[in-house]
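**Student:** To start, I am sharing the structure in question, which I have written as C-alpha cells.
The values are calculated or read from the model by the stated rules, or taken from the named source; none is laboratory data. Just so it is clear, the model here is predicted, and its values are computed rather than measured. Please note: Cβ atoms are built from the backbone with ideal geometry, for glycine as well, and neighbour counts cover all protein chains shown. Ligands, DNA and RNA are excluded from the accessible area calculation, which covers all protein heavy atoms including side chains. Shrake-Rupley method; radii C 1.70, N 1.55, O 1.52, S 1.80 Å.
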Amino acid sequence: MSLSSFQKRLLQQDIELLKPDFHQFTSAYHRSLCSRKLTMSVPEHESITKRSYILYCALNKVVSHLDDLLQVTPFIHYLANNLSFLNVSFEDIDILCDAFIETRKSYMHHINTQLQQAWLQAMRIFANIVKSYLFAYSNVVSFSAYCPARLSS
C-alpha cells in the first residue's frame, strides 16, 4: 500500500499551498484536537505554534516519500516515538488523522475528490505504520487463517 505518483504530486502541491499559512493551519488543527475525545496528552497551543515550521517539514518529508515506504517508515517510527511520549492510544491515531483531514477540508475549501482521496490514502498509510510500530497492529490476515474461517461461515 503506497501512494501513486499522481497522488504524491497532488499532496505536494497542496502542501505548498498550505506553507504560507501553516502556522494558522496548525492552530486550527490544535483547536480541532482539543474538541475531540483523546486519551493522549495534547500539547499546549503555544508549543504547537512554536513548532509549526518543524511540523510543516515533517509533513513535507513524509508526503515526499510515501511512495517509498522503505525510506519513510523509519522517519514515521521516529514520529510515533514522539507520540508515545504523549501516551497516545490506538484509537487516538485515527482521531489525529481524522482531525487532520477535517482541518484540511475546512481550512481551504478547494479540496477536490482526488485530493481528498490522496489525503485519505496518506493518512491510512501513516496510521497503519504508527499502529504497527507502537501497538504491534497488522491489518494483514494470512491466507491460511482466512480460508478456514471463510469455509466455516
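**Student:** Would the stretch 5-24 turn up any residue that is farther than 27 Å from Phe135 by Cα, surrounded by 16 or more Cβ atoms within 10 Å (Cβ to Cβ) and of a type in the set (Asp, Glu)?
**Tutor:** Checked the stretch 5-24: at least one residue is farther than 27 Å from Phe135 by Cα, surrounded by 16 or more Cβ atoms within 10 Å (Cβ to Cβ) and of a type in the set (Asp, Glu).
**Student:** So, Pro74, is that one assigned to a helix (DSSP H, G or I) and within 26 Å of Tyr137 (Cα to Cα) or not? Please lay out each step first, then the result.
**Tutor:** Numbers: assigned to a helix (DSSP H, G or I): yes; within 26 Å of Tyr137 (Cα to Cα): yes.
So Pro74 passes the test.
**Student:** A further question follows. Scan the stretch 115-128 and report the pairs whose first residue is within 18 Å of Phe90 (Cα to Cα) and whose second residue is among the aromatic types (Phe, Trp, Tyr) and open to solvent by 10 Å² or more (accessible area, probe 1.4 Å), with Cβ atoms within less than 8 Å and a gap of 6+ or a chain change.
**Tutor:** Met123/Phe100; Asn128/Tyr137
**Student:** Among what's in the stretch 72-123 and is open to solvent by 30 Å² or more (accessible area, probe 1.4 Å) and of a type in the set (Asp, Glu), pick the residue that is farthest from Phe22 (Cα to Cα).
**Tutor:** Within the stretch 72-123, the match that is farthest from Phe22 (Cα to Cα) is Glu91.
**Student:** May I pose another question? Test Asp98 against the criterion of being part of a helix (DSSP H, G or I) and within 15 Å of Lys131 (Cβ to Cβ), and give yes or no.
**Tutor:** Working: part of a helix (DSSP H, G or I): yes; within 15 Å of Lys131 (Cβ to Cβ): yes.
Considered against the rule, which asks whether it is part of a helix (DSSP H, G or I) and within 15 Å of Lys131 (Cβ to Cβ), Asp98 comes out as yes.
**Student:** Here's a follow-up. Please work out if Asp67 is surrounded by 14 or more Cβ atoms within 10 Å (Cβ to Cβ), of a type outside the set (A, V, I, L, M, F, W, C) and part of a loop (DSSP other than H, G, I, E, B).
**Tutor:** On the way: surrounded by 14 or more Cβ atoms within 10 Å (Cβ to Cβ): yes; of a type outside the set (A, V, I, L, M, F, W, C): yes; part of a loop (DSSP other than H, G, I, E, B): yes.
Yes.
**Student:** Right, next: Go through Ser2, Ser41 for me and flag whichever is open to solvent by 50 Å² or more (accessible area, probe 1.4 Å), of a type outside the set (Asp, Glu), touching a residue at least 60 places away in the same chain (Cβ under 8 Å) and not in a helix (DSSP H, G or I). Spell out how you get there, then give the answer.
**Tutor:** On the way: Ser41 fails: touching a residue at least 60 places away in the same chain (Cβ under 8 Å).
After ruling out the rest, the residue left standing is Ser2.
**Student:** Select from the stretch 44-59 the residues that are more than 15 Å from the chain's Cα centre (by Cα) and open to solvent by less than 30 Å² (accessible area, probe 1.4 Å) and write down the one among them that is modelled with the highest pLDDT. Quick ask: steps written out before the conclusion?
**Tutor:** The first filter runs over the stretch 44-59 and keeps only residues more than 15 Å from the chain's Cα centre (by Cα), leaving 44-54.
After this cut, where a residue has to be open to solvent by less than 30 Å² (accessible area, probe 1.4 Å) as well, the list is 48-49, 52.
Details: Ile48: 86, Thr49: 82, Ser52: 89.
Here the residue is Ser52.
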